[in-house]
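The values are calculated or read from the model by the stated rules, or taken from the named source; none is laboratory data. The structure presented is a predicted model; accordingly, all values stated were derived computationally and were not measured. Here the Cβ positions follow ideal geometry from the backbone for every residue, glycine too, while neighbour counts run over all protein chains shown. Accessible surface areas use protein heavy atoms only, side chains included; no ligands, DNA or RNA. Shrake-Rupley method; radii C 1.70, N 1.55, O 1.52, S 1.80 Å.
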Amino acid sequence: MTVVEGRDTVLEGLNPAQKEAVLATDGPVLILAGAGSGKTKCLTHRLAHIVATKKADLNQILAITFTNKAAQELAGRIAKILGLPVQDLQRNPGLFMRRYLPWVGTFHSVCVRILRAEHEQLGLPKSFTIFDSDDSLSLVRGLIKDLGYDPKQFSPNAVRGAISSAKNELLTPEEYAKYAQGYFQEIVVQVYRRYQKRLVELGALDFDDLIMAVVKLLEQFPETRRKYQEQFRYVMVDEYQDTNHAQYRLTGLLVNSQTQNLCVVGDDYQSIYGWRGANFHNILNFNRDYPKATICKLEQNYRSTKTIISGAAQVVERIKRRSDKKLWTDNEEGPPISVYEANNGYGEAEFIAREIRGLKVYGHSWGDFAVLYRTNGQSRVIEEIFLAEGIPYRLVGALRFYERKEVKDLLAYLRYLNNESDRHAFERAINTPPRGIGPKTLEKGGEKVEAFQRSMREIREQLPLLKPVEVLDKVLHFSKYKGFVDDGTPEGEGRVENVEEMVNLASEFESLDDFLEHVTLVSDVDNYDSSADAVTLMSMHASKGLEFTVVFLAGCEEGLFPHMRALDEESEMDEERRLCYVAMTRARKRLYLTLARQRLMHGGLINTIPSRFIREIDQNLLDMV
């Protein structure tokens, strides 16, 4: 890194606010970075500036991100600024980061590195095992059975989620027991105790333990805490608004209490993961935790038009508890935000397809477009219309609708009912939900197999009299499938929404043959090259951090967006507003808000009303198409 004529070349190309944040190296610093304001650029230049001015070496700077992708992007930019071999990063990211940027990584990767070095103090084997989510779920399921409870009654996913939430709050089984209320939480206490005991016996930690164990290490061993506080002359944390209690506590323990060289970067307006335990108050209370903090605001947006920025601000400004910053841009005014109200979901999808085709004539590529939605189940109708129209698309952050497990599970039932010889469908259906029927039992038959076949036979005999949606209703009633997938977690809620979307789809057909043929043809045609130029379909949550030339926000109706569960709870509604802000500010040039007067929900047509978010935007900014 070079410094020319007393001028740090790292500062070139920064606006005044970014330069202020980069130069504020010592003491606690809060960088409130609005959407599209060059946050990552500011973060990388700040780290490079610290190295260039010899305040610290690379191995003395701890930079924490939330995802491996973000860590690698950070590493790539730092490598270019500091003249490190970028080609090595592209060839082997892990090796490059260990060699050049050992302390740039996610919360979990940083904690693993510390635990590998300090394992003896916690009584851990050096080669401790890290349980992934499937390992944890399998262990929890087994323990529920060992305790004599029915996994169908006490969902392993829900129990595991409760244990995870406890660990994110740094609660041991004993501490969690003090707060446990109700029968379910009492069961969780029993499972949690055995779960932790079993992990110790196996010499293993789960993902949540990685952070919890390092917090315990730093709290219980002052010498070790001092060692790392001296090691890390500077600590930087990205997306600070998304930190949970355990991550917040860990950050505080790693920062030297004398120098307090902690820089956190984030935007409370983009805090959309409350359901994961994220606490946006951590960023709002930063100057309470660090009274001498320097606060820098990155308020110039380089991404979106003035119209888009103004509209997004009007939605989020109704939140009472928020930071005081005003996003602005020197970009063009841009076209008004288009609002389109269709008769139904198909009309909405057809409008989106029509607009994309129309805009593409003016030189856009397919990759310029994104369609964002509140729930993954909404993608099904959009996918079908895109397939029919020959519009290439890629689904990001979720499986394509017909590839999702719950959809395949239900199709297996319907295909077996429709064709008794379909052994593949039979083998999937008979153990979904699990009925304890293994390969040997299937071969020999037996009472469980016969009981299943008898039930299927009863439904099959009624097929000529039943519409597809009625067949599906009987399958759901027999299998209790909704209860099986609804485990009380946000993921479970998403699975239920996919099941309900299947019911919606089935209600559109008169015969089971037609329904299955339709699904089969869609699945066969549903083939694309993931690297090809294509329209992006994704949830609003998954879109955070991305940007597109043209964005459609689909389903802007009360009860869908904002979501039904937020209608009676102010804190939930605030999170929906922040989600709307995030989704709107993904757009660079054009933004569409679309809705339907009627929408298929829960197997029937529901009359809808436009989202309050549309009403809250200045009508002069809108074009009612």
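Which residues, counting only those in region 380-413, are farther than 30 Å from Asn431 by Cβ, open to solvent by 10 Å² or more (accessible area, probe 1.4 Å) and part of a strand (DSSP E or B)?
In the first step, residues of region 380-413 are kept if they are farther than 30 Å from Asn431 by Cβ; the result is 381-382, 385-394, 396.
Still in the list and also open to solvent by 10 Å² or more (accessible area, probe 1.4 Å): 381, 385, 387-390, 392, 394, 396.
Answer for region 380-413, where residues must be farther than 30 Å from Asn431 by Cβ, open to solvent by 10 Å² or more (accessible area, probe 1.4 Å) and part of a strand (DSSP E or B): Arg394, Val396.
Scan region 201-212 and tell me whether some residue there is open to solvent by 20 Å² or more (accessible area, probe 1.4 Å) and within 20 Å of the chain's Cα centre (by Cα). It would help to see each step written out before you state the result.
Initial filter on region 201-212 (open to solvent by 20 Å² or more (accessible area, probe 1.4 Å)): 201-202, 207-208, 212.
From the residues that got through so far, the ones that are within 20 Å of the chain's Cα centre (by Cα) too are 207-208.
Within region 201-212 (the criterion being open to solvent by 20 Å² or more (accessible area, probe 1.4 Å) and within 20 Å of the chain's Cα centre (by Cα)), the answer is yes, since at least one residue qualifies.
May I ask you to list pairs of residues, at least six apart or on different chains, whose Cβ atoms are under 7 Å apart, with the first in region 133-161 being part of a loop (DSSP other than H, G, I, E, B) and the second being open to solvent by less than 30 Å² (accessible area, probe 1.4 Å) and hydrophobic (A, V, I, L, M, F, W, C)?
Short answer, once both residue conditions are applied: Leu147/Val191; Tyr149/Ile187; Pro151/Ile144; Phe154/Ile144; Phe154/Ile187.
Suppose the filter is under 28 Å from the mean Cα position of the chain (by Cα) and part of a strand (DSSP E or B); does Lys297 pass it?
On the way: under 28 Å from the mean Cα position of the chain (by Cα): yes; part of a strand (DSSP E or B): yes.
Spelling it out, Lys297 is indeed under 28 Å from the mean Cα position of the chain (by Cα) and part of a strand (DSSP E or B).
Could you please tell me which pairs satisfy a Cβ distance under 7 Å, a separation of 6+ or placement on different chains, a first residue in region 352-369 that is free of Cβ contacts under 8 Å to residues at least 40 places away in the same chain, and a second residue that is buried (at least 16 other Cβ atoms within 10 Å of the Cβ)?
Correct list of pairs: Ala353/Ile385; Ala353/Phe386; Ala353/Ile391.
Consider region 118-132. How many of its residues are assigned to a helix (DSSP H, G or I) and surrounded by 14 or more Cβ atoms within 10 Å (Cβ to Cβ)?
First pass over region 118-132, keeping only residues assigned to a helix (DSSP H, G or I): 118-122.
If we keep only those that are surrounded by 14 or more Cβ atoms within 10 Å (Cβ to Cβ) too, we end up with 118-119, 121-122.
Number satisfying all stated conditions: 4.
Provide a single number: the residues in region 67-112 that are more than 23 Å from Asp209 (Cβ to Cβ), in contact (Cβ under 8 Å) with a residue 60 or more places away in the chain and either open to solvent by 20 Å² or more (accessible area, probe 1.4 Å) or of a type in the set (Asp, Glu) (or both).
Number satisfying all stated conditions: 3.
What is the number of the single condition among (1) under 24 Å from Phe509 (Cα atoms); (2) surrounded by fewer than 14 Cβ atoms within 10 Å (Cβ to Cβ) that Gly377 does not meet?
Result: Gly377 passes all but (2).
Of everything in region 534-554, what is part of a strand (DSSP E or B), among the hydrophobic types (A, V, I, L, M, F, W, C) and farther than 10 Å from Thr585 by Cα? Give them in sequence order.
First pass over region 534-554, keeping only residues part of a strand (DSSP E or B): 535-539, 548-554.
From what is left, the residues that are among the hydrophobic types (A, V, I, L, M, F, W, C) are 535, 537-538, 548, 550-554.
Those that are part of a strand (DSSP E or B), among the hydrophobic types (A, V, I, L, M, F, W, C) and farther than 10 Å from Thr585 by Cα: Val535, Leu537, Met538, Val550, Phe552, Leu553, Ala554.
Restricting attention to region 601-613, which residues are in contact (Cβ under 8 Å) with a residue 60 or more places away in the chain and surrounded by fewer than 22 Cβ atoms within 10 Å (Cβ to Cβ)? So that I can check it myself, show each step before the final result.
Our first condition is that a residue be in contact (Cβ under 8 Å) with a residue 60 or more places away in the chain; within region 601-613, this holds for 601-605, 610, 613.
Within region 601-613, Met601, His602, Gly603, Gly604, Leu605, Pro610 meet the criteria.
Restricting to region 295-307, and then to whatever is of a type in the set (Val, Ile, Thr) and buried (at least 18 other Cβ atoms within 10 Å of the Cβ), can you tell me which residue is nearest to Glu20 (Cα to Cα)?
Result: Thr305.
Do you know which of the residues in region 162-183 that are assigned to a loop (DSSP other than H, G, I, E, B) and open to solvent by 30 Å² or more (accessible area, probe 1.4 Å) is nearest to Val215 (Cα to Cα)? Let's see the steps before the verdict.
Restricting attention to region 162-183, the residues satisfying the condition of being assigned to a loop (DSSP other than H, G, I, E, B) are 169-172, 180-181.
This time we only want the ones that are open to solvent by 30 Å² or more (accessible area, probe 1.4 Å), so: 169-172, 181.
On the way: Glu169: 11, Leu170: 9, Leu171: 12, Thr172: 12, Gln181: 26 Å.
Per the criteria, the residue is Leu170.
Hey, can you tell me all the residues within region 256-283 that are open to solvent by 10 Å² or more (accessible area, probe 1.4 Å) and either part of a strand (DSSP E or B) or closer than 28 Å to Arg226 by Cα (or both)?
Here is the first cut: in region 256-283, the ones open to solvent by 10 Å² or more (accessible area, probe 1.4 Å) are 256-261, 269-270, 273-282.
Once the filter is applied, which keeps residues that are open to solvent by 10 Å² or more (accessible area, probe 1.4 Å) and either part of a strand (DSSP E or B) or closer than 28 Å to Arg226 by Cα (or both), region 256-283 yields Asn256, Ser257, Gln258, Thr259, Gln260, Asn261, Ala278, Asn279, His281, Asn282.
One residue is enough: does region 28-46 have a residue meeting the conditions within 24 Å of the chain's Cα centre (by Cα), under 21 Å from Gly252 (Cα atoms) and in a loop (DSSP other than H, G, I, E, B)?
Among the residues of region 28-46, not one is within 24 Å of the chain's Cα centre (by Cα), under 21 Å from Gly252 (Cα atoms) and in a loop (DSSP other than H, G, I, E, B), which makes the answer no.
Can you tell me which of Thr259, Thr243, Thr329 is over 28 Å from Thr549 (Cα atoms) and more than 22 Å from the chain's Cα centre (by Cα)?
Numbers: Thr243 fails: more than 22 Å from the chain's Cα centre (by Cα); Thr329 fails: over 28 Å from Thr549 (Cα atoms).
Just a single option satisfies the conditions, and that option is Thr259.
Please work out which one of (1) more than 28 Å from the chain's Cα centre (by Cα); (2) more than 30 Å from Val255 (Cβ to Cβ) is the condition Val189 fails and give its number.
Going through the list (1) more than 28 Å from the chain's Cα centre (by Cα); (2) more than 30 Å from Val255 (Cβ to Cβ), Val189 breaks only (1).
Applying the selection to region 567-598, what residues are among the small types (Gly, Ala, Ser), within 15 Å of Ala313 (Cβ to Cβ) and not in a strand (DSSP E or B)? It would help to see each step written out before you state the result.
Narrowing region 567-598 to residues among the small types (Gly, Ala, Ser): 571, 583, 587, 596.
Those still in the list that are within 15 Å of Ala313 (Cβ to Cβ) too: 583, 587.
Answer for region 567-598, where residues must be among the small types (Gly, Ala, Ser), within 15 Å of Ala313 (Cβ to Cβ) and not in a strand (DSSP E or B): just Ala583.
At pLDDT below 95, out of contact with any Ser or Thr (no Cβ under 6 Å at 6 or more places or on another chain) and either under 29 Å from Asn504 (Cα atoms) or assigned to a loop (DSSP other than H, G, I, E, B) (or both): does that describe Ser338? I'd like the intermediate steps shown before the answer.
Values: at pLDDT below 95: no; out of contact with any Ser or Thr (no Cβ under 6 Å at 6 or more places or on another chain): yes; either under 29 Å from Asn504 (Cα atoms) or assigned to a loop (DSSP other than H, G, I, E, B) (or both): yes.
It is false that Ser338 is at pLDDT below 95, out of contact with any Ser or Thr (no Cβ under 6 Å at 6 or more places or on another chain) and either under 29 Å from Asn504 (Cα atoms) or assigned to a loop (DSSP other than H, G, I, E, B) (or both).
One residue is enough: does region 6-29 have a residue meeting the conditions at positive phi and open to solvent by less than 40 Å² (accessible area, probe 1.4 Å)? Spell out how you get there, then give the answer.
Of all residues in region 6-29, those at positive phi come to 6, 13, 27.
If we keep only those that are open to solvent by less than 40 Å² (accessible area, probe 1.4 Å) too, we end up with 27.
Checking region 6-29: at least one residue is at positive phi and open to solvent by less than 40 Å² (accessible area, probe 1.4 Å).
Among the numbered criteria (1) open to solvent by 30 Å² or more (accessible area, probe 1.4 Å); (2) over 30 Å from Ser539 (Cα atoms), which one does Thr224 miss?
(1)
For region 47-76, enumerate the residues that are in contact with a helix residue (DSSP H, G or I) (Cβ under 8 Å, 6 or more places away or on another chain), more than 18 Å from Arg98 (Cβ to Cβ) and part of a helix (DSSP H, G or I).
Once the filter is applied, which keeps residues that are in contact with a helix residue (DSSP H, G or I) (Cβ under 8 Å, 6 or more places away or on another chain), more than 18 Å from Arg98 (Cβ to Cβ) and part of a helix (DSSP H, G or I), region 47-76 yields Ala48, His49, Ala52.
Those residues that are open to solvent by 30 Å² or more (accessible area, probe 1.4 Å) and over 19 Å from Asp26 (Cβ atoms), I need them from region 227-241; list them, please.
At the first step, the residues of region 227-241 found to be open to solvent by 30 Å² or more (accessible area, probe 1.4 Å) are 227, 230-231, 233, 239.
Once the filter is applied, which keeps residues that are open to solvent by 30 Å² or more (accessible area, probe 1.4 Å) and over 19 Å from Asp26 (Cβ atoms), region 227-241 yields Lys227, Glu239.
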